[in-house]
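The values are calculated or read from the model by the stated rules, or taken from the named source; none is laboratory data. Treat the numbers as computed from the prediction; the structure is a model and nothing was measured. Methodologically, a virtual Cβ is constructed for each residue, glycine included, from the backbone with ideal geometry; neighbour enumeration extends over all protein chains shown.
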Amino acid sequence: MEFYVTAGPGTEGVLRDELCELGFRSARLNHGGIPFLGDWIDGARACLQSRIGQRVMLVLGRTSARTLEDVYEACREVEWQEFLTPSQTFAVATYAHESCGENPNMVTLKVKDAVADQCRAVFGARPNVDRESPDVRIFVYWARERVTIYLDMSGEPLFKRGYRQSGGEAPLKETLAAAMLRLSGWDRSTPLVDPMCGSGTLVIEAALWAGNHAPGLWRKRFGFERWANFTPEMAQRMSRLRGEMRRGVAGQMPRITGFDLDEEVLKTAQVNAQAAGLRLSFRRMPLRELAADGTRRLLIANPPYGVRLDASNQLYQELANAVHRLHGWRVCLLVGNPRLQQAIHLKPEAEYALKNGSIDCKLLVYEV
């Protein structure tokens, strides 16, 4: 079976590295996501273990398709009854490249018709569409006269770990936080500090990675566990797999600390950490008090960009001043406003282009 793990822009390289470390076969670098080969339990394991992947997709087929009718026929030939019955619900999402010359909404309708028609031919009835919480999520990619048909194994996107009780005003997605940690070069043993931790996503993801907690363990179930072909035997195998993941948790962790000025958001961070089964230190501290103490640390942060949260020149200058005091530290900042990089006025050791939602960002890594 072939699988495809989707990636946020700029995170493909670290996602490939992650999947290789986890032992997935034939994982290779690809724009937009990483394919790998395996059986169904490998797809399930990717849902449970990938920190950076956004969705895990099962590839059902590829074929040539020059017209909308060709797309319909390709989808009509899939044996949907293996995954979908009239008692279940489904949803369709599509991507149609501009070279196809078709309205994407029309492509989606055509795929939906193909699925419904095939099910009606087999069962004498068709399943209903549920856009909010379907049992089966179908994705079709059509570009350059080729169509690829996928089933989404994840269900909800994988950044929805299941431990977050609440977020701040502009919470960082867990998958992007995990990618930042990998790109930072963190060794999972150096003490880590986030001086602008908000609701705690970066420090929680750091602790989960350092402690070898599988990020999918808080999810009650994934999309594939709602498919028609998910048998009691497969459910037992999943139960054993989850048990193996829980037993693999490491006992020792480096010191991981979150600071912020907002007392309420620190309470939120503590609640989120406790929901993830972690005991982490969160406390109020202004940037002007941040200083090196002879111990090497990683500082990692997602400072406000001035888009969803206010970002003053004074804040950027305080952060820049703090960075210059941290001799011997490694500093990693997700920068969405060039004023911050200008204020720091140091040459980064590494620089990565990322996107936080719709915002173009740079991940800047410094050795101070």
**Asked** Counting only residues that are in contact with a helix residue (DSSP H, G or I) (Cβ under 9 Å, 6 or more places away or on another chain) and at pLDDT 95 or above, how many does the stretch 140-153 have?
**Response** 7
**Prompt:** Tell me, which residue of the stretch 96-106 that is surrounded by 15 or more Cβ atoms within 10 Å (Cβ to Cβ) and outside any helix (DSSP H, G or I) is farthest from the chain's Cα centre (by Cα)?
**Reply:** Glu102
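Regarding Leu241, is this residue on the phi < 0 side of the Ramachandran plot, crowded, with 19+ Cβ neighbours inside 10 Å and either part of a helix (DSSP H, G or I) or in contact (Cβ under 8 Å) with a residue 40 or more places away in the chain (or both)?
Working: on the phi < 0 side of the Ramachandran plot: yes; crowded, with 19+ Cβ neighbours inside 10 Å: no; either part of a helix (DSSP H, G or I) or in contact (Cβ under 8 Å) with a residue 40 or more places away in the chain (or both): yes.
No, not satisfied.
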**Message:** Please go through the stretch 182-219 and give me each residue that is over 16 Å from Ala273 (Cβ atoms) and not in a loop (DSSP other than H, G, I, E, B), ordered by number.
**Reply:** Arg182, Leu183, Gly216
**Request:** Considering only residues that are closer than 25 Å to Ala276 by Cβ and assigned to a loop (DSSP other than H, G, I, E, B), look in the stretch 220-238 and name the one that is modelled with the highest pLDDT.
**Result:** Phe222
**Asked** Does the stretch 151-169 contain at least one residue that is part of a loop (DSSP other than H, G, I, E, B), closer than 18 Å to Ala250 by Cβ and of a type in the set (S, T, N, Q)?
**Response** no
**Message:** Whether any residue in the stretch 245-261 is free of Cβ contacts under 8 Å to residues at least 40 places away in the same chain and touching a strand residue (DSSP E or B) at 6+ places or on another chain (Cβ under 9 Å) is what I want to check.
**Reply:** yes
**Prompt:** Within the stretch 289-368, which strands (runs of 3 or more DSSP E) (wholly inside it) include 2 or more residues that are in the same structural domain as Ser199 (by TED's automatic domain parsing) and within 20 Å of Leu261 (Cβ to Cβ)?
**Reply:** 298-301, 330-335
**Asked** Name the pairs whose Cβ atoms lie under 7 Å apart, with the first residue in the stretch 339-364 and over 19 Å from Gly185 (Cα atoms), the second of a type in the set (Val, Ile, Thr), and 6 or more positions between them or separate chains?
**Response** Gln341/Val335; Ile344/Val323; Ile359/Val307
**Message:** Restricting to the stretch 107-138, give me the number of residues that are loosely packed, with under 15 Cβ neighbours inside 10 Å, assigned to a loop (DSSP other than H, G, I, E, B) and of a type outside the set (A, V, I, L, M, F, W, C).
**Reply:** 5
**Asked** So which of Glu244, Glu289, Glu351 is more than 26 Å from the chain's Cα centre (by Cα) and not hydrophobic (A, V, I, L, M, F, W, C)?
**Response** Glu289
**Complete:** Within the stretch 217-246, the residues that are among the hydrophobic types (A, V, I, L, M, F, W, C) and either out of contact with any Cys (no Cβ under 9 Å at 6 or more places or on another chain) or assigned by TED's automatic domain parsing to the domain that holds Leu58 (or both) are Leu217, Trp218, Trp227, Ala228, Phe230, Met234, Ala235, Met238, Leu241, Met245
**Request:** Evaluate the following for Ala177: is it under 30 Å from Glu367 (Cα atoms) and buried (at least 22 other Cβ atoms within 10 Å of the Cβ)?
**Result:** yes
**Request:** Can you tell me which residue within the stretch 18-40, out of those that are in contact with a helix residue (DSSP H, G or I) (Cβ under 6 Å, 6 or more places away or on another chain) and in a loop (DSSP other than H, G, I, E, B), is nearest to Ala214 (Cα to Cα)?
**Result:** Leu22
